[in-house]
Amino acid sequence: MGANFSALFFGQEGSNACSNGSNLALQSKPNLGDLPEDCVALILGYFDPPEICKLATMNRAFRGASWADFVWESKLPSNYEVILRKVFNDVPENLGKRQIYERLCRANSFDGDTKRVWLHKRTGGVCLSIASKGLAITGIDDRRYWNHIPTEESRFCTVAYLQQIWWFEVDGEVDFPLPTGSYSVFFKLQLGRASKRFGRRICNAEHVHGWDIKPVQFQLWTSDGQHAASKCFLKETGKWNYYHVGTFVVDSSNASTKIKFSMTQIDCTHTKGGLCLDFVVIYPNEFRERLTHF
């Protein structure tokens, strides 16, 4: 029995030794957490901003590397400092590049909250929107024709609603330091007036008329002489749609670009009405296919 006991004892000791050896071997193997933050930061630079934020949750090294300024400076627009001065009147000195990126990804208001600018979170592309209250609308001060109505469906919490008019004309402009690239302009419109009844969305099409007789003309002009135009019949009652005006190109980020745009239907042989105008938006042209319906 003593021999058996000795064998059992020494067997366990040998087993523990093997187990401890395997644990030491496992602990000695390198893992992602052992990578230097500088190396991790170089890797993160190849990912999109949302992917960087996801990878930052892996471990301490990735979390620290995700705050490296050079990672986020490559994601920011080349003229981000000019954009900051335009929107915030200064360049924050106490913010890192990631914090600046996050701040610019919000919908930042300027010009009395009639315009907003933000970065597309994945690509860093600059996007602009101009509220209906920031547009020059013929007859807007006459409540027989137009009204500003509150709604939860608009990012500006209000839209311009046309009851009826003979001469339909909407003009607008924006002067902004857009980065180099190609951009598209859209009007966001809806035929009919939406509301809620018993928690369900309904659309009143009572005043909708005249848009199938003659097309609406859209135009844009830029300060460097570019011009684009398109025509379209308005349709699809009860649904918000983006109507493409045209495309323009920015060749230099050093100067501000002025863009003028318009939407008209000035054939006075008939009236038209029942239209909601939310805002005008300027997007990098790569997003055009996502928005274009007409």
Total formal charge among the other residues, if their Cβ is under 12 angstrom from that of Ser74, Lys/Arg +1 and Asp/Glu -1: 0
Spacing of the two label points (7 Å from each Cα toward its C-beta) at Ser195 and Lys239, in nm: 2.4 nm
Heavy atoms of Asp69: accessible area, 1.4 Å probe, square angstrom to 10: 70 Å²
Net charge contributed by nearby residues that have their C-beta within less than 11 Å of Thr123 (K/R +1, D/E -1): +1
Dipole-positive endmost among Tyr183, Gly274, Ile140 within the chain (Cβ charges, Cα centre): Gly274
Whole-percent carbon and sulfur share, accessible surface of the range 179-294, 1.4 Å: 48 percent
At R0 = 22 Å, FRET efficiency that the Cβ-Cβ distance of Asp111 and Ala255 yields, to 0.05: 0.70
Full-stretch length increase - Gln163, Thr247 - with 0.36 nm per residue and alpha-carbon distance subtracted: 27.2 nm
Probe 1.4 Å, protein heavy atoms only - accessible area per residue of the range 178-294 in square angstrom: 48 Å²
Length added when fully stretched, His270-Glu102, from 0.36 nm per residue minus Cα-Cα: 55.6 nm
Full-extension gain in nm, Lys121 to Asp141, via 0.36 nm per residue minus C-alpha separation: 3.4 nm
Those trypsin sites (Lys or Arg not before Pro) in the range 147-223 that DSSP places in a loop and that have at most 16 other beta carbons within 10 Å: Arg155
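The values are calculated or read from the model by the stated rules, or taken from the named source; none is laboratory data. Because the structure is predicted, anything quoted here is derived from the model rather than measured. Note: ideal-geometry Cβ built from the backbone for every residue, glycine included; neighbour counts use all protein chains shown. Ligands, DNA and RNA are stripped out before the accessible areas are found, and what is left, the full protein with its side chains, is counted by its heavy atoms. Shrake-Rupley method; radii C 1.70, N 1.55, O 1.52, S 1.80 Å.
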